[in-house]
1. Hey, can you rank 172-178, 104-110, 70-76 by average C-beta count inside 10 Å, highest first?
2. Quick check: residue separation of residue 150 and residue 58 times 0.36 nm, minus the Cα distance between them. What number comes out in nm?
3. Between residue 171 and residue 77, what is the label-point separation in nm under the 7 Å Cα-to-beta-carbon projection?
4. By counting other Cβ atoms within 10 Å of each Cβ, how are 99, 78 ranked from fewest to most?
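Derivation of every value follows stated rules applied to the coordinates shown; laboratory data play no part. Keep in mind the model is a prediction, meaning the values are calculated, not measured. Ideal geometry is used to build each Cβ from the backbone, glycine not excepted, and the neighbour counts take in all protein chains shown.
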């Protein structure tokens, strides 16, 4: 039988306890990443007069603004109305991207904003709405295996490697575009 000194037994128990606590916290964190808005906090259309809802860095599940309003209104003084023509156009793009990539509109909006910020950090100024427009328009099949996150990361990698925008989009279209 293995004889473990008492101080080592305590360390082993502490390690197992820490691992259990860490595992539990990780499960809670992952469980909180779903796309369903809480039943008690239904998302509503934020009026243009409500300043601030569109200024958050990332759109949360329970955000009180639609993904289209948030994406279009980023960097503006106040949130645009849900009836704004550009908000409606972006809402249609998000719906199409959701069908094509099987990711939530919120996650697609967040990823578009993230890619825009990442490109900005390397000196490339690309608007998040334009990125969404371009990546939704590459013509992939509805329900394709690659998600929006993977394709947008590939787009970022191409742009970071000094591939011009039109060439990067052509590469993505050749790889992920409609095969018919």
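1. Those peptides, ordered most packed to least, come out 104-110, 70-76, 172-178.
2. In short, 31.3 nm is gained.
3. 4.1 nm
4. 99, 78
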